[in-house]
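K.L.:
One structure, pasted below without further comment.
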Number of protein chains: 2
Amino acid sequence: MTDAAAVIERVRQRVDPTPAERRALAAAASRLTERAEAAIAELPVAADVVQVGSTARGTWVAGDRDIDLFVRFPSDLPREQLETYGTTVGAAVLPDGHEEYAEHPYVTGTFEGYAVDLVPCYDVAAATEIKSAVDRTPFHTTYLQERLDDDLAADVRLCKQFLKGIGVYGSDLRTQGFSGYLCELLVVEYGGFQAMLAAIEDWQPPVVIDPAAHQQASFDDPLVVVDPTDPERNVAAVVSAANVATVQHHARRFRATPSEDAFTPASPAPLDAAALRSHIDRRDTTPLAVVLDAPDVVADQLYPQLYRSRDGVVRGLREHGFDVVRAAAWADERAVVFVELASAELPAVERHVGPPVSVGTHAERFYETYADDDGVYGPFVDDDGRYVVERDRDVRTAGGFARTELGTVALGARIESRVASGDYDVYVGDAVVEALLPEFESELAAYVDPKA
Amino acid sequence: MTDAAAVIERVRQRVDPTPAERRALAAAASRLTERAEAAIAELPVAADVVQVGSTARGTWVAGDRDIDLFVRFPSDLPREQLETYGTTVGAAVLPDGHEEYAEHPYVTGTFEGYAVDLVPCYDVAAATEIKSAVDRTPFHTTYLQERLDDDLAADVRLCKQFLKGIGVYGSDLRTQGFSGYLCELLVVEYGGFQAMLAAIEDWQPPVVIDPAAHQQASFDDPLVVVDPTDPERNVAAVVSAANVATVQHHARRFRATPSEDAFTPASPAPLDAAALRSHIDRRDTTPLAVVLDAPDVVADQLYPQLYRSRDGVVRGLREHGFDVVRAAAWADERAVVFVELASAELPAVERHVGPPVSVGTHAERFYETYADDDGVYGPFVDDDGRYVVERDRDVRTAGGFARTELGTVALGARIESRVASGDYDVYVGDAVVEALLPEFESELAAYVDPKA
C-alpha cells in the first residue's frame, strides 16, 4: 500500500458513515417523506417530495446529520399559494419546527436527532427555467445521482474532509471556499479524489471547468466550474484566489508527502498578552485596531462588509502614505479591522504630483493653485515633466487617520453607519493588546503564525 | 506697445550687440582668418578657413566673446596629417594658445580679448559624409546663414537669454538643456521668438520637429529636432523631459504675464545652517548624504555619473523599503548624493512576496526555502494566490544602507570605484548640515525653495 493509500484508508475510517448510520438516516428520511406526502394529499394541488443534498447522494461525512426535503409544486402555482402550502406541509412534518426565510419561507426543525429543512419549490422542466434559486437544487441531485457510484461518493467525502482540514470548505462569504456540490462536481470531473489532487496541482488560474460543455457564458473568477444544470452559473463563484492557491498548495504537499494532517483543521493555541507583545516587539511594527460592536446581521452579510471595510481602511492608509505590512478583519461580539503598519507617523510634508506641464489648462490651474502659497514647497517640475508640490499632510499618524478619515474610505454599509455616528474605538500600538484579548485570541494566534 | 513687446524691447537693449561690438568682432575675426590663411599657404595641402558658431551667424548675445574658426582640409588627407597641420596653423594663429583634445586636437587661446577656438576639420561634400563630429559644424553655419535674417537673428538672442534666465540653456550633460544651434533651429522653424513661445506652449511631448522633412530616423526623446544637415541626428537629444516641461511652463507664464524675470537667472541667497535646520525640522524628514571627493573628470563625464549614482541610490533605498521624498546630486570640490527620507528606520520584518502557488517547481522551491525556517512568518498565501513570507530585514536604517549596500546599486564608474574602496562618508539627520555647508549652500538654497 502506498503512503497515500494508507493515509486515505485511515481517513476513510473517520469520514465514511457506518452501515448503521446509513440505515438510520435512510429510515428517518423515509418517515419524513411519508409525513410530507400525507400532508400533500390534504392539499388542493398535486406535489411530490424529493430528498436532496449530501445525504440524498450518499456523500455526507460521518456524523453530519442533515436531511433536506424539497416539496415540488406545479410551476403555474401562484407564489403566495406555494408559500402557504409549503408552510402547511412543513408544519405537519416538523410540528416543533419554525419558519425561516430565504427567497421564500421554508420550515426547519429537528426529527429523531437530524436537522431537517423542508423547502417548497417549483417543479420546472429544466434548471434554466427556475423561478427561484431553490428550484435548481433537485436538478443537482438528479445530475449527480446519475454519475456518483459508491467509490466516487466515498471520494467526495475524502475531498470534503480535505477541504475542511485546510480551512477552505464552505461557500459562505466568510470562508469564500468550496461548497459540497462543488466538491461533488470536481470529484466526478476528475474521476476520483487523488486524480482531482493531481489535476489541481497543475491548475493555472483562471481555471475553467465546464462538465456539460455548455461553453456559453464567461466568468471573471479565478475558478470557474460551470453548473451542468445551468450554463449561466459558476458553482465556484465565491471561491477566492487565495483559496484556489491554498488548495493547490495542499494538493502539492499531500502528493509529495502524504499525511493525515491535511484532513485535520489546525487549531492554534490561543495567544496571551505576553506572547502578542513579544511578537509586536520582535516585528517592531505598529498595530492599529478599529473596533466596533458587531452589526446584528447574518454572517453572510457581516463578513463581506467587514472585508470591504478592511480593504477600504488599508487603501485609505496607503493613499495617505502609510506602509501597511499586513491586515485582517475578525468578528465575534465585536468586529475589528486590524492593520499592522511599518510606522505610525509620517513626515510633515507629502509629495503631491500634479499633471504634466504639457496638458494646458489643467496644468495651469494646478500651478495657479499653489504658485502664491507660501505653505508649500514648489510648484516645481519633476523628472517626468509634471508639476509637483510638497505640501503639509492633513494626517500624520495612523491613529489620526482612523479617528478622522474613516468616513472617506469604502466601508461595509452597517459599519459605515456606525463609523458615521462615531460609534467605534481606535487603538494604536500596545493598547491593541488589551483591547483585543481575550476576545480575538484565536484570530491573533493565527495572525502571528500565518501558514499556507 | 503690448506688454510683451515692451519687455522684449528692454531685453533687446541688454542682449543685442552694439554696432561697435559687431565691428570689433568682425575685425578680429577677419584678422584671425588672414593669419590662418597665411599659415595654410605654408602647408603642402590646400585648405580654407570658415568662421562658425554664433558670432559667425550674428546670433551671439551681447558680451559673448567667442570666435570659432574651422580650417577645412581635403577629405582624403590622412588623419595624422590633418592633426599635425591643424596644430601648426593653430600655433601660428594663436601663439599663446594651447592644445585641447576632442575627437582630434584643436587649439584654443585668446586674441584681442576674444576666446578663440581654431579647429581642423575635413571638407566633406555633405554633413552625412562627415569623418568626425566637428566636420558637421560648417554645414550648420551654411544652413542657418541662408535662413537667418537680422530680425530672426535678434530673436535667437532673445531665445538664448530666455533659456539662460530659466536655467535650461546649454547642451552640457549637467544642464541637459538647449544648445545655441537648437535655439537657432527653433526660432527659424517657428518664424520668431514669440511665435516659438506660442508653439512651445502647445507642445505635447514627445515633440518631433523635422525642419528639412527628412522623415528618416525615429528617436526616443521627449524633444526631437532632426538636424536638417543630418537626418540621423536629434539636435535636442540631451534635452531632459524636465527641461522640456520647464520651457513650456515659462512660455505659458511669459505669454500670460510678460516679465523680464524670465530673462534673468534666479540667484537664491545661500542657505546658512540655521535656515537649513529649520527646513529639516519643519518638514520632519530625515536627510541622508553620501559624500566623496569629486572624481577628477570633466563636467560632461562627472554629471552623468553623479546623476546615475543618485538614481541608483534612490532605487536601492526604495527596493529596501525606504520612502524617498526627494533627492539631488551636486558637485564642487566634493560630490554629494543627497536623499530626503520619510523615515530613517524600518520595522524588523519585511514582506517578501514569492511566486504564485500555481507556478509549480518555482513555487515549490520558494515554499521549501522557508517552510522550516523558524525565523520567518509564513510561508502563507496572499489574496492574489502568491506565497509570502515576512522575514527579517538586512537593512533597517538609511545610514546602514549607505554604509553597506552601495556596492549593490548602479553607480557612475568613477564613483563606484571610490565606493568600492570605502572612500566616502555618510551623514544622516542633523549631521548633514555641518557636512554640506558652506560648500553646497547655493544648491541647498535651491533645494529648499524648488521652483518651476
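The values are calculated or read from the model by the stated rules, or taken from the named source; none is laboratory data. If you're wondering where the values come from, they're calculated on a predicted model, not measured in any experiment. Virtual Cβ from ideal backbone geometry, glycine too; neighbours counted across all protein chains shown.
K.L.:
Against the definition (in a strand (DSSP E or B), more than 13 Å from chain B (Cβ to nearest Cβ) and under 24 Å from the mean Cα position of the chain (by Cα)), how does A:Val313 come out, yes or no? Quick ask: steps written out before the conclusion?
P.N.:
Numbers: in a strand (DSSP E or B): no; more than 13 Å from chain B (Cβ to nearest Cβ): yes; under 24 Å from the mean Cα position of the chain (by Cα): yes.
Here the answer is no, as A:Val313 does not meet what is asked.
K.L.:
Filter segment B:227-250 down to residues that are more than 20 Å from the chain's Cα centre (by Cα) and buried (at least 16 other Cβ atoms within 10 Å of the Cβ) and give me whichever is farthest from the other protein chains (Cβ to nearest Cβ).
P.N.:
The first filter runs over segment B:227-250 and keeps only residues more than 20 Å from the chain's Cα centre (by Cα), leaving B:228-232.
Applying the additional criterion that residues be buried (at least 16 other Cβ atoms within 10 Å of the Cβ) yields B:228-231.
Numbers: B:Pro228: 25, B:Thr229: 29, B:Asp230: 27, B:Pro231: 26 Å.
It comes out as B:Thr229.
K.L.:
Considering only segment A:376-425, how many residues are farther than 29 Å from A:Val359 by Cα and outside any strand (DSSP E or B)?
P.N.:
Narrowing segment A:376-425 to residues farther than 29 Å from A:Val359 by Cα: A:395-407, A:409-425.
This time we only want the ones that are outside any strand (DSSP E or B), so: A:395-396, A:398-407, A:409-424.
Qualifying residue count, segment A:376-425: 28.
K.L.:
If you take the residues of segment A:333-345 that are in contact (Cβ under 8 Å) with a residue 60 or more places away in the chain and closer than 19 Å to A:Asp311 by Cα, which of them is farthest from the other protein chains (Cβ to nearest Cβ)?
P.N.:
Start the filter on segment A:333-345 by keeping residues that are in contact (Cβ under 8 Å) with a residue 60 or more places away in the chain, which leaves A:333-336, A:338, A:344.
Subsequent filtering for residues that are closer than 19 Å to A:Asp311 by Cα retains A:334-336, A:338, A:344.
Numbers: A:Arg334: 24, A:Ala335: 19, A:Val336: 18, A:Phe338: 15, A:Ala344: 10 Å.
Going through the qualifying residues, I end up with A:Arg334.
K.L.:
Can you pull out the residues in segment A:145-163 that are of a type outside the set (S, T, N, Q) and over 24 Å from the mean Cα position of the chain (by Cα)?
P.N.:
A:Glu146, A:Arg147, A:Leu148, A:Asp149, A:Asp150, A:Asp151, A:Leu152, A:Ala153, A:Ala154 - these are the residues of segment A:145-163 that are of a type outside the set (S, T, N, Q) and over 24 Å from the mean Cα position of the chain (by Cα).
K.L.:
Would you check if B:Asp374 is over 30 Å from B:Leu276 (Cβ atoms), more than 7 Å from chain A (Cβ to nearest Cβ) and loosely packed, with under 15 Cβ neighbours inside 10 Å?
P.N.:
Values: over 30 Å from B:Leu276 (Cβ atoms): yes; more than 7 Å from chain A (Cβ to nearest Cβ): yes; loosely packed, with under 15 Cβ neighbours inside 10 Å: yes.
So B:Asp374 fits the description; yes.
Residues are listed down the side, and each one gets a yes or a no for (1) in contact with a Lys or Arg (Cβ under 8 Å, 6 or more places away or on another chain); (2) of a type in the set (Ser, Thr, Tyr); (3) at pLDDT below 95:
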position: A:His249; (1), (2), (3): no, no, no
position: A:Arg277; (1), (2), (3): no, no, no
position: A:Thr286; (1), (2), (3): no, yes, no
position: A:Ala294; (1), (2), (3): yes, no, no
position: A:Leu306; (1), (2), (3): no, no, no
position: A:Arg326; (1), (2), (3): yes, no, no
position: A:Val336; (1), (2), (3): no, no, no
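K.L.:
Right, another one. Mind counting the residues in segment B:152-196 that are of a type in the set (A, V, I, L, M) and within 14 Å of chain A (Cβ to nearest Cβ)? So that I can check it myself, show each step before the final result.
P.N.:
Step one: filter segment B:152-196 for residues of a type in the set (A, V, I, L, M), giving B:152-154, B:156, B:158, B:163, B:166, B:168, B:173, B:182, B:185-188, B:195-196.
Okay, now just the ones that are also within 14 Å of chain A (Cβ to nearest Cβ), so B:166, B:168.
Final tally of qualifying residues: 2.
K.L.:
Just one of (1) within 19 Å of B:Arg403 (Cβ to Cβ); (2) within 9 Å of chain A (Cβ to nearest Cβ); (3) among the charged types (D, E, K, R) trips up B:Arg318, so point out which.
P.N.:
Only one criterion in (1) within 19 Å of B:Arg403 (Cβ to Cβ); (2) within 9 Å of chain A (Cβ to nearest Cβ); (3) among the charged types (D, E, K, R) is unmet by B:Arg318, namely (2).
K.L.:
Just a yes or no: is a residue in segment B:60-77 in contact (Cβ under 8 Å) with a residue 24 or more places away in the chain, within 30 Å of B:Lys164 (Cβ to Cβ) and touching a Phe, Trp or Tyr at 6+ places or on another chain (Cβ under 6 Å)?
P.N.:
Taking every residue of segment B:60-77 in turn, at least one turns out to be in contact (Cβ under 8 Å) with a residue 24 or more places away in the chain, within 30 Å of B:Lys164 (Cβ to Cβ) and touching a Phe, Trp or Tyr at 6+ places or on another chain (Cβ under 6 Å).
K.L.:
The conditions are (1) more than 23 Å from A:Thr137 (Cβ to Cβ); (2) touching a Cys at 6+ places or on another chain (Cβ under 6 Å), and A:Ser240 fails exactly one of them. Which is it?
P.N.:
That leaves (2) as the condition not met.
K.L.:
While we're on this one: Considering segment A:333-368 alone, what residues qualify as being assigned by TED's automatic domain parsing to the domain that holds A:Gly412 and of a type in the set (Phe, Trp, Tyr)?
P.N.:
The answer is A:Phe338, and nothing else.
K.L.:
Go through A:Ala56, A:Ala28 for me and flag whichever is touching a helix residue (DSSP H, G or I) at 6+ places or on another chain (Cβ under 6 Å), part of a helix (DSSP H, G or I) and surrounded by 15 or more Cβ atoms within 10 Å (Cβ to Cβ).
P.N.:
On the way: A:Ala28 fails: touching a helix residue (DSSP H, G or I) at 6+ places or on another chain (Cβ under 6 Å).
Residue meeting the stated conditions: A:Ala56.
K.L.:
Can you pull out the residues in segment B:284-306 that are in a helix (DSSP H, G or I) and either surrounded by fewer than 20 Cβ atoms within 10 Å (Cβ to Cβ) or touching an Asp or Glu at 6+ places or on another chain (Cβ under 8 Å) (or both)? Please lay out each step first, then the result.
P.N.:
Pass one, segment B:284-306, residues in a helix (DSSP H, G or I): B:299-306.
Answer for segment B:284-306, where residues must be in a helix (DSSP H, G or I) and either surrounded by fewer than 20 Cβ atoms within 10 Å (Cβ to Cβ) or touching an Asp or Glu at 6+ places or on another chain (Cβ under 8 Å) (or both): B:Ala299, B:Asp300, B:Gln301, B:Tyr303, B:Pro304.
K.L.:
Only one of B:Ala398, B:Ala413 is away from chain A (no Cβ under 11 Å) and over 24 Å from the mean Cα position of the chain (by Cα). Can you tell me which?
P.N.:
The unique qualifying residue is B:Ala398.
K.L.:
For A:Glu100, work out the one condition from (1) assigned to a loop (DSSP other than H, G, I, E, B); (2) surrounded by fewer than 16 Cβ atoms within 10 Å (Cβ to Cβ) it doesn't fulfil.
P.N.:
That leaves (1) as the condition not met.
K.L.:
Take the residues in segment A:32-53 that are assigned to a helix (DSSP H, G or I) and under 35 Å from the mean Cα position of the chain (by Cα), then tell me which one is surrounded by the fewest Cβ atoms within 10 Å (Cβ to Cβ). Can you show your working first?
P.N.:
As a first pass, look at segment A:32-53 and keep what is assigned to a helix (DSSP H, G or I): A:32-41.
Now drop any that are not under 35 Å from the mean Cα position of the chain (by Cα), which leaves A:32-33, A:36.
Values: A:Leu32: 21, A:Thr33: 18, A:Ala36: 22.
Looking at residues that are assigned to a helix (DSSP H, G or I) and under 35 Å from the mean Cα position of the chain (by Cα), I get A:Thr33.
K.L.:
I'm checking my understanding of the structure. Among residues of segment A:378-425 that are among the aromatic types (Phe, Trp, Tyr) and either in contact (Cβ under 8 Å) with a residue 24 or more places away in the chain or touching a Ser or Thr at 6+ places or on another chain (Cβ under 7 Å) (or both), which one is farthest from A:Tyr307 (Cα to Cα)?
P.N.:
Here is the first cut: in segment A:378-425, the residues among the aromatic types (Phe, Trp, Tyr) are A:380, A:387, A:401, A:424.
The next check asks that each one be either in contact (Cβ under 8 Å) with a residue 24 or more places away in the chain or touching a Ser or Thr at 6+ places or on another chain (Cβ under 7 Å) (or both); those that pass are A:387, A:401, A:424.
On the way: A:Tyr387: 36, A:Phe401: 19, A:Tyr424: 17 Å.
Among them, the one singled out is A:Tyr387.
K.L.:
Looking at segment A:346-371, which of the residues that are charged (D, E, K, R) and at the interface with chain B (Cβ under 8 Å from one of its Cβ atoms) is surrounded by the fewest Cβ atoms within 10 Å (Cβ to Cβ)? Walk me through it before giving the result.
P.N.:
First, pick out the residues of segment A:346-371 that are charged (D, E, K, R): A:350-351, A:364-365, A:368.
With at the interface with chain B (Cβ under 8 Å from one of its Cβ atoms) added as a condition, the list becomes A:351, A:364.
Values: A:Arg351: 17, A:Glu364: 19.
Among them, the one singled out is A:Arg351.
K.L.:
Please name all residue pairs, on different chains or six or more residues apart, with Cβ atoms under 7 Å, provided the first residue is in segment B:311-322 and is more than 14 Å from B:Pro347 (Cα to Cα) and the second residue is among the polar types (S, T, N, Q).
P.N.:
Cβ pairs passing all conditions: B:Gly316/B:Thr408.
K.L.:
If you go through segment A:121-134 one residue at a time, how many are closer than 16 Å to A:Asp68 by Cβ and free of Cβ contacts under 8 Å to residues at least 60 places away in the same chain? Let's see the steps before the verdict.
P.N.:
Narrowing segment A:121-134 to residues closer than 16 Å to A:Asp68 by Cβ: A:121, A:132-134.
Filter once more, so that each one left must be free of Cβ contacts under 8 Å to residues at least 60 places away in the same chain: A:121, A:132-133.
Adding up the residues that qualify gives 3.
K.L.:
If A:Gln145 meets every condition in (1) surrounded by fewer than 19 Cβ atoms within 10 Å (Cβ to Cβ); (2) over 30 Å from A:Pro74 (Cβ atoms); (3) not hydrophobic (A, V, I, L, M, F, W, C) apart from one, which number is that one?
P.N.:
Status for A:Gln145: all satisfied but (2).
K.L.:
Let me ask something additional. What's the total number of residues in segment B:388-403 that are surrounded by fewer than 20 Cβ atoms within 10 Å (Cβ to Cβ) and over 20 Å from B:Ala342 (Cα atoms)?
P.N.:
Residues flagged as surrounded by fewer than 20 Cβ atoms within 10 Å (Cβ to Cβ) and over 20 Å from B:Ala342 (Cα atoms) within segment B:388-403 amount to 2.
K.L.:
Please determine whether any residue of segment A:41-52 is closer than 17 Å to A:Tyr181 by Cβ and either out of contact with any strand residue (DSSP E or B) (no Cβ under 8 Å at 6 or more places or on another chain) or of a type in the set (Gly, Ala, Ser) (or both). Give the steps one after another, and end with the answer.
P.N.:
Taking segment A:41-52 first, the residues closer than 17 Å to A:Tyr181 by Cβ are A:50-52.
Of the ones still in play, those that are also either out of contact with any strand residue (DSSP E or B) (no Cβ under 8 Å at 6 or more places or on another chain) or of a type in the set (Gly, Ala, Ser) (or both) are none.
No: zero hits.
K.L.:
Let me ask something else about it. In segment A:197-241, which residues are of a type in the set (A, V, I, L, M) and touching a residue at least 40 places away in the same chain (Cβ under 8 Å)? Spell out how you get there, then give the answer.
P.N.:
Filtering segment A:197-241 for residues of a type in the set (A, V, I, L, M) gives A:197-200, A:207-209, A:212-213, A:217, A:223-226, A:235-239, A:241.
Correct list: A:Leu197, A:Ala198, A:Ile200, A:Val225, A:Val235, A:Ala236, A:Val238, A:Val239.
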